[in-house]
Amino acid sequence: TICGLSFMFSKIALANVTAMGLIAYRFLFAFLGFLLLRLTGIVRIRLKQEHVPQMMLVALFQPILYFMFETYGLTLLTSAEAGMMIALIPIFVSILSGIFLKERPLPLQVVFIILSVSGVIFIQIMSQDKLGASPPLGYVLLFCAVLSAAFFNIFSRKSSKTMKPEALTYFMMLSSAIFFNAVYLIQLGWKGRIGDYFIHLSKVEVVGPLLYLGLMASIGGFFLVN
């Protein structure tokens, strides 16, 4: 539910800010929100040096690679098309789990995976008059996002055996906030429009969706996954 609603809020924000700007603000809000939880003592974080390489691998696939592919793909596709592509993640997670973690899905899990993909195929067929007009690049980018999310699930699963989910989630928010905001500021600086960084944050139609994307979808969603 959290993931599904995030597509709608992303589309609202993308009408007012660039794709990279959206990602940068999203994880800035997420990190600041997590930092507030940490400073108030609601969440306690202990980052161990021996866990850093593993956490960096997790953060590389999610949020860094995933959100670059997803957000740019979302600029080319509708939220419904993006949602259908993302619904394929369980298939790739199951395949990669068998390869890397030697985990085999239970028969009931297979049933629900097939049900999920069948739903995607059904919607594609019933909406074929409306779909298909989107550029193929959008589907390629979303497919890369699916693969990134699948690898994230694998490495997050491995990491969950040695570290706490709040520490992993905090590191993900910290690293993505630094990476995406650095890239966005470089883009704005190259165009001589650094002031836009603060102008966008004065718009309700940008800040509103970002509160959901940063706090609910990023902090809440990733913590639940981890």
Only one of 77, 37, 32 that is at negative phi, more than 15 Å from the chain's Cα centre (by Cα) and open to solvent by less than 40 Å² (accessible area, probe 1.4 Å): 77
Please count how many residues of segment 75-99 are in a helix (DSSP H, G or I), of a type in the set (S, T, N, Q) and either at pLDDT 80 or above or within 17 Å of residue 62 (Cα to Cα) (or both). 2
Just checking, does segment 193-216 include any residue being among the polar types (S, T, N, Q) and either surrounded by 13 or more Cβ atoms within 10 Å (Cβ to Cβ) or outside any helix (DSSP H, G or I) (or both)? no
Step by step: first the residues of segment 49-74, then only those that are open to solvent by 30 Å² or more (accessible area, probe 1.4 Å) and aromatic (Phe, Trp, Tyr), then the one that is farthest from residue 18 (Cα to Cα). Which residue is that? 61
Pairs, please: C-beta under 6 Å, at least 6 apart or cross-chain, first residue among the hydroxyl-bearing types (Ser, Thr, Tyr) and in segment 49-67, second modelled with pLDDT of 90 or more? 66/145; 66/148; 66/149
Read through the list (1) open to solvent by 10 Å² or more (accessible area, probe 1.4 Å); (2) in contact (Cβ under 8 Å) with a residue 12 or more places away in the chain; (3) of a type in the set (Val, Ile, Thr); (4) under 21 Å from residue 223 (Cβ atoms), then give the number of the only condition that residue 23 fails. (1)
Has segment 160-168 got any residue that is of a type in the set (Ser, Thr, Tyr), within 21 Å of residue 62 (Cα to Cα) and crowded, with 17+ Cβ neighbours inside 10 Å? no
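The values are calculated or read from the model by the stated rules, or taken from the named source; none is laboratory data. Predicted, not measured: the structure shown is a model, and the values here were computed from it. No Cβ is skipped: glycine too gets one built from the backbone with ideal geometry, and neighbour counts run over all protein chains shown. What goes into the accessible areas is simple: the full protein's heavy atoms, side chains included, and nothing from ligands, DNA or RNA. Shrake-Rupley method; radii C 1.70, N 1.55, O 1.52, S 1.80 Å.
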